[in-house]
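To keep things clear, I will list the structure first and then write my remarks on it.
A short reminder: the numbers here are calculations on the coordinates, not readings from a lab. All values derive from a computational prediction rather than experimental measurement. FYI the Cβ positions are ideal-geometry reconstructions off the backbone, even for glycines, and counts take in every protein chain you see.
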Amino acid sequence: MDRDQLQLLRYKLQKRVRKLNSADHQVFHYLLRQLWGFLQSQPLLVGVMAHIEATMQHIKAEVEPVFTQNSAVVLDKEMEHAAACYFVLKHCVESDDDSIEINVGQCYSHESKFNDILESFRDIFLEPFYDYLDEHLDESRAVLALIQKYKKRCEWFRRKDLQNLWLEDTTRGEKSLALDLYEFLFEQGLDFYIEPSSVSGEVDLISSQVSEERLLADAKIYNPEKSKGKEYILRGFQQIYTYAVDYGEPVGYLVIFKTSEEGLSFAVSETSHHTPYLSYNNKTIFFIVIDLYEWTEPASKRGKFRTVEIAESDLITVIQ
């Protein structure tokens, strides 16, 4: 992402958090909702939050006593506490109780005045979550937003060009499309290696960012007419899952270029901001399908649309 744009996003985020930090308890709940709406409107911030949703679901259960038993929950690890902040803030935003932040703050504060109690809520949940967002904006945890942006770029503006790139040489088309993805990610500021060796073979892309986690991504073609159908995608999933195990990384991305008329969908129990994913044995794999097929007829004349579904059980079976 352009550094100026990133700086502007940080400024907008900081401005809204400052507003919350000076808010009276009577308006805090409504301003928190406004902040959350802003977060949901920014793809990079959505990407960071999606990473928490996908990898830290167990923390959601950990913070339940805060709401059900009015009991303070303390998590020692920084990442776990950041996830706790996210799930607590999300719960508050979704609540119709405009004093819920005061109720939560009372679990951690011995103060009697509402504004003093609210200060504890800010210190324990709002500020750490803001720090986490700010620190991870330009790391791999925002990568889902970048890949979603790439998907729109392909489907809205480059569908025909990329479909032709595939058709020009279908034996190398997958590599050509993968390189287009990697060029885009490189232009967005990600630094990575392409196809380094691993115990299990080669992964298309692994980032070399100096951060807690690296980006693992594989690109595959979906085209049953070219022997790249459901089983091929399942093997691709097995590969990226195995790479995640080899590299000790919690998250991987399977980017699928659909170049056939036939549709492809993932029937999994979890989605994050419209992106399906599977979490299994502490590894989370996101599935991003990019539709490059160029229809020659208008929608009214296409007939019945056929979609192949990959079920969660299919994915689990292939890695067991």
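Less than 5 angstrom separates the built amide H of T275 from none of the residues sequence-distant by 5 or more or on a different chain.
Total lysine pairs in segment 3-136 at Cα distances under 24 Å, for residues eight or more apart or on different chains: 7. Look at the alpha carbon pairs under 8 Å that are at least 6 residues apart: their mean separation over the length of the chain gives a relative contact order of 15 percent.
Within the same chain, lysines fewer than 8 places from K160 are excluded, and of the rest, those with a Cα less than 30 Å from its Cα are K149, K151, K152, K175, K220, K226, K228, K230, K258, K301, K304. Across the chain, the longest piece that holds none of the trypsin sites (Lys or Arg not before Pro) lying in DSSP loops with up to 10 other C-beta atoms within 10 Å covers 114-303. Of all DSSP beta bridges confined to the chain, the antiparallel ones make up roughly 45%.
Taking amide H positions as modeled 1.01 Å from N, with prolines and chain starts lacking one, the residues under 5 Å from K258 and 5 or more places away or on another chain are Y222, I290, D291, L292.
Springs between Cα atoms under 10 Å define the GNM used for the chain, and in it the highest mean-square fluctuation of Q69, Q34, Q106 occurs at Q69. Counting neighbouring beta carbons within 10 Å and listing from fewest to most, the residues E127, E183 come out as E183, E127. Only helices enter this figure: runs of n ≥ 4 DSSP H residues, each worth -39500 (n - 2.57), summed and divided by the residues of the chain, yield -16000 deg cm²/dmol at 222 nm to the nearest 500.
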